[in-house]
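Here is the structure we will look at, set down as structure tokens.
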Amino acid sequence: MDMSRYARQIALKQIGKDNQEKLLTKSVLIVGLGGTGSAAAEMFSRLGVKQLILIDRDKIEITNLNRQILYGMEDLKKYKAETAADKVREINPDIKVEFYNKAFDADMAYLVNTVDLVFDGTDNMTTRFIINDACDKYGIPWVFTSAIETYGEFKAVIPGKTSCYACFNTEPAELPSCATSGVLSTVPAMIALYGVNTAIKILLDYENDGSIYFIDGFNFEINRIGIEKNINCRCCHDKNYRYLNREYSGIGKSLLL
Ligand SMILES: [Zn+2]
């Protein structure tokens, strides 16, 4: 493989040749190819990994184009996952790319066991519970991200080390959506940047304490809150992976995507 495309990362003391080679052995699953997920797909493809698996059931709408940076006018009405896969292959043909034009539900959770990390680009809590249960079951780290209005949040979940998503969320709630609350053009890519940097550090075995970070992209404020493991957690303590059962996989999904 021609490593010259990675020369500027190999020159970094935080990456270097060994870590770049390590990244090129890693597979990442991106669930949701909207504002954060599509930006993350581009960032991972430029970073250099071995494989990307992209999953999203939606098609590209004109209301997506203010923030979903992989897509343009020629992509309207096409599937996001398939379109993102085409763009990623164009950016970096050395990466193996798979895509699924379907929802990430309990039936698709097996994909988690085929990768080194999951990046959450979803917009609803139910899908995050499915990701969380699957990642705990298979021992795969994931990065939670969320963006709306002018702010967002992100957190690493590393099974066996950090708190999980179910440690601080018990049931899916109907979340405000970008369709009703709005979202500033720059914010999902900003949160994706922090999320992908978190993923890079996890893939390279840097420490992460599982804190959640809240970022106000308009007033330039970052707040970190430590999230301890919940000793009564249904998922990471009790190993009750109920969202991997079909009957739970439709609860509380956002109606406005
Ligand atoms: Zn937990």
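The values are calculated or read from the model by the stated rules, or taken from the named source; none is laboratory data. Everything numeric in this text was worked out from a predicted model, so none of it was measured. Cβ sites come from the backbone with ideal geometry, for glycine too, and all protein chains shown count toward neighbours. Keep in mind that these areas ignore ligands, DNA and RNA; they rest on the heavy atoms of the full protein, side chains included. Shrake-Rupley method; radii C 1.70, N 1.55, O 1.52, S 1.80 Å.
Determine, yes or no, whether Y79 is free of Cβ contacts under 8 Å to residues at least 60 places away in the same chain, open to solvent by 60 Å² or more (accessible area, probe 1.4 Å) and among the hydroxyl-bearing types (S, T, Y). Can you show your working first?
Working: free of Cβ contacts under 8 Å to residues at least 60 places away in the same chain: yes; open to solvent by 60 Å² or more (accessible area, probe 1.4 Å): yes; among the hydroxyl-bearing types (S, T, Y): yes.
Judged against the criteria, Y79 is a match.
Small (G, A, S) and within 16 Å of the ligand (Cβ to nearest atom): does that describe S163?
Details: small (G, A, S): yes; within 16 Å of the ligand (Cβ to nearest atom): yes.
Considered against the rule, which asks whether it is small (G, A, S) and within 16 Å of the ligand (Cβ to nearest atom), S163 comes out as yes.
Taking the condition of being outside any strand (DSSP E or B), aromatic (F, W, Y) and more than 14 Å from K229 (Cβ to Cβ), how many residues in segment 128-187 meet it? Even if it seems obvious, please write down each step before you answer.
So in segment 128-187, the residues outside any strand (DSSP E or B) come out as 128-141, 150, 158-182, 184-187.
Narrowing further to those that are aromatic (F, W, Y): 129, 138, 165, 168.
Remaining after also requiring more than 14 Å from K229 (Cβ to Cβ): 129, 138.
Summing the residues that are outside any strand (DSSP E or B), aromatic (F, W, Y) and more than 14 Å from K229 (Cβ to Cβ) in segment 128-187 gives 2.
Listed residues T126, T186; which is away from the ligand (no atom under 16 Å from the Cβ), more than 22 Å from V49 (Cβ to Cβ) and out of contact with any helix residue (DSSP H, G or I) (no Cβ under 9 Å at 6 or more places or on another chain)? First the steps, then the outcome.
Working: T126 fails: out of contact with any helix residue (DSSP H, G or I) (no Cβ under 9 Å at 6 or more places or on another chain).
After ruling out the rest, the residue left standing is T186.
Please enumerate the residues belonging to segment 35-48 that are buried (at least 24 other Cβ atoms within 10 Å of the Cβ) and either in a loop (DSSP other than H, G, I, E, B) or not polar (S, T, N, Q) (or both).
Passing the criteria: G35, G37, A39, A40, A41, F44.
So for segment 1-21 (the condition being open to solvent by less than 10 Å² (accessible area, probe 1.4 Å) and touching a residue at least 60 places away in the same chain (Cβ under 8 Å)), does at least one residue qualify?
Let us first name the residues in segment 1-21 that are open to solvent by less than 10 Å² (accessible area, probe 1.4 Å), namely 6, 20.
Now restrict to residues that are touching a residue at least 60 places away in the same chain (Cβ under 8 Å): none.
No, because not a single residue in segment 1-21 is open to solvent by less than 10 Å² (accessible area, probe 1.4 Å) and touching a residue at least 60 places away in the same chain (Cβ under 8 Å).
In segment 190-218, how many are in contact (Cβ under 8 Å) with a residue 60 or more places away in the chain and of a type outside the set (A, V, I, L, M, F, W, C)?
4
Checking C135 against (1) within 12 Å of the ligand (Cβ to nearest atom); (2) open to solvent by 10 Å² or more (accessible area, probe 1.4 Å), only one condition comes out false. Which one?
Going through the list (1) within 12 Å of the ligand (Cβ to nearest atom); (2) open to solvent by 10 Å² or more (accessible area, probe 1.4 Å), C135 breaks only (2).
May I ask you to say which residue of D205, D238 is at positive phi and either of a type in the set (D, E) or in contact with a His (Cβ under 7 Å, 6 or more places away or on another chain) (or both)?
Values: D238 fails: at positive phi.
Going through D205, D238 in turn, just one is at positive phi and either of a type in the set (D, E) or in contact with a His (Cβ under 7 Å, 6 or more places away or on another chain) (or both): D205.
So, of the residues in segment 215-246 that are in contact with a Lys or Arg (Cβ under 8 Å, 6 or more places away or on another chain) and farther than 27 Å from A103 by Cα, which turns out to be surrounded by the fewest Cβ atoms within 10 Å (Cβ to Cβ)?
So, considering only residues that are in contact with a Lys or Arg (Cβ under 8 Å, 6 or more places away or on another chain) and farther than 27 Å from A103 by Cα, the one surrounded by the fewest Cβ atoms within 10 Å (Cβ to Cβ) is H237.
When segment 111-126 is examined, which residues are found to be buried (at least 24 other Cβ atoms within 10 Å of the Cβ) and in a helix (DSSP H, G or I)?
So the first thing to find is which residues in segment 111-126 are buried (at least 24 other Cβ atoms within 10 Å of the Cβ), and the list is 112, 117-123.
Listed by number, the list holds a single entry, V112.
When the residues of segment 166-183 are narrowed to those that are more than 20 Å from E221 (Cβ to Cβ), away from the ligand (no atom under 16 Å from the Cβ) and of a type in the set (A, V, I, L, M), which ends up surrounded by the fewest Cβ atoms within 10 Å (Cβ to Cβ)?
The initial filter retains those residues of segment 166-183 that are more than 20 Å from E221 (Cβ to Cβ), namely 166-175, 177-180.
Narrowing the set further to residues that are away from the ligand (no atom under 16 Å from the Cβ) leaves 173-175, 177-180.
Still in the running and of a type in the set (A, V, I, L, M): 173, 175, 179.
Numbers: A173: 11, L175: 16, A179: 14.
So, considering only residues that are more than 20 Å from E221 (Cβ to Cβ), away from the ligand (no atom under 16 Å from the Cβ) and of a type in the set (A, V, I, L, M), the one surrounded by the fewest Cβ atoms within 10 Å (Cβ to Cβ) is A173.
Between S27, S38, which is under 15 Å from the mean Cα position of the chain (by Cα) and within 23 Å of V183 (Cβ to Cβ)? Outline the logic, then answer.
On the way: S27 fails: within 23 Å of V183 (Cβ to Cβ).
None of the others qualify; the one that does is S38.
Taking interchain pairs and intrachain pairs at least six residues apart, which have beta carbon atoms under 9 angstrom, with the first residue in segment 58-76 and more than 21 Å from F44 (Cβ to Cβ) and the second of a type in the set (D, E, K, R) and open to solvent by 20 Å² or more (accessible area, probe 1.4 Å)?
If the second residue must be of a type in the set (D, E, K, R) and open to solvent by 20 Å² or more (accessible area, probe 1.4 Å), the pairs left are K59/K77; K59/K78; E61/K77; L76/K59; L76/E61.
Give the residue, chosen from R57, R67, that is closer than 24 Å to P172 by Cα, in a loop (DSSP other than H, G, I, E, B) and open to solvent by 20 Å² or more (accessible area, probe 1.4 Å). Give the derivation first.
Working: R67 fails: closer than 24 Å to P172 by Cα.
Testing whether each residue is closer than 24 Å to P172 by Cα, in a loop (DSSP other than H, G, I, E, B) and open to solvent by 20 Å² or more (accessible area, probe 1.4 Å) leaves just R57.
Within the group D123, D116, D86, D94, which residue is closer than 30 Å to E247 by Cα and out of contact with any strand residue (DSSP E or B) (no Cβ under 7 Å at 6 or more places or on another chain)?
Details: D116 fails: out of contact with any strand residue (DSSP E or B) (no Cβ under 7 Å at 6 or more places or on another chain); D86 fails: closer than 30 Å to E247 by Cα; D94 fails: closer than 30 Å to E247 by Cα.
Going through D123, D116, D86, D94 in turn, the sole match is D123.
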